[in-house]
1. Based on the mean of other beta carbon atoms within 10 Å per residue, what is the order of 157-170, 51-64, most packed first?
2. At 1.4 Å probe size, with every protein chain present, just tell me what the per residue accessible area of region 10-88 comes to in Å².
3. Scaled to the compact-protein estimate 2.2 N^0.38 Å, what is the alpha-carbon radius of gyration of region 127-172, rounded to two decimal places?
4. For region 52-111, restrict the atom set to alpha-carbon positions and state the Rg and Dmax in Å.
5. What are the semi-axes of the equivalent ellipsoid of region 94-181, taken as the square roots of 5 times the eigenvalues of the Cα gyration tensor, listed largest first and rounded to whole Å?
6. What number comes out for the charge environment of G119, summing +1 per Lys or Arg and -1 per Asp or Glu over other residues with Cβ under 12 Å away?
7. Once the other residues with Cβ under 14 Å from the Cβ of I65 are scored (Lys, Arg +1; Asp, Glu -1), what is the net sum?
8. Non-local amide H neighbours of I175 (under 5 Å, H modeled in plane, Pro and chain starts lacking H): which ones?
Amino acid sequence: YMAELKFDGLAISLRYEHGLLALAATRGDGEVGEDVTANVRTIRAIPVRLRGDAPPPVLEVRGEIYMTREDFAELNARQEAAGLRLYVNPRNTAAGAVRQLDPAMTAQRPLHFFAYGIGETEGWTLPATQSALLDALSAFGLPVNGDREIARGGEALAGYYEAVEARRDELPFEIDGVVYK
């Protein structure tokens, strides 16, 4: 199994066509998401163009937009100093920033991204394992989290969970737990 962190942010789907970001959509109701392409283009962590000489004709990347704990604290300190309302948590703040009507407002928020999976693809041979998939996404210039490991058997899966739980509060971002694939 591949053991990974489950990020606490906004799930996003990025559709690349011939290496260019063509569409960014939220999960929405599970079938129809919200087109947030203009806003996502302002997030520096998300490449507008994939690296490499021959990106696939279609590559849909699934991932999470999030805000670090430090960035969230600094944003709230600025809010407080300006006499404005404080934000409740990093996840909702990131989600609200991506759904802004004005992309310039999104650009002002310290947003980050991790890719963790794929959706539709055309003209691309899928890597055989989750680990190889994440490595391939990284080679395209997409940020992936390195806090993952291959776990063999229930004891190793539980060990990964326990190790993450022990340092959960020290992570630079919030998580919902772990995911096994």
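1. Top of the packing list down: 51-64, 157-170.
2. Each residue of region 10-88 exposes 55 Å² on average to a 1.4 Å probe.
3. 1.37
4. When restricted to Cα atoms, region 52-111 yields Rg and Dmax of 15.2, 50 Å.
5. Numbers: eigenvalues 152, 96, 20 Å².
Semi-axes from the Cα gyration tensor: 28, 22, 10 Å.
6. 0
7. +2
8. The list, which skips near neighbours in sequence, is D8.
The values are calculated or read from the model by the stated rules, or taken from the named source; none is laboratory data. Since the structure is predicted, the reported quantities are computational estimates derived from the model, not experimental observations. Here the Cβ is made from the backbone with ideal geometry for all residues, glycine too, and neighbour counts use every protein chain on show. Protein only, heavy atoms only, side chains kept; ligands, DNA and RNA dropped before computing areas. Shrake-Rupley method; radii C 1.70, N 1.55, O 1.52, S 1.80 Å.
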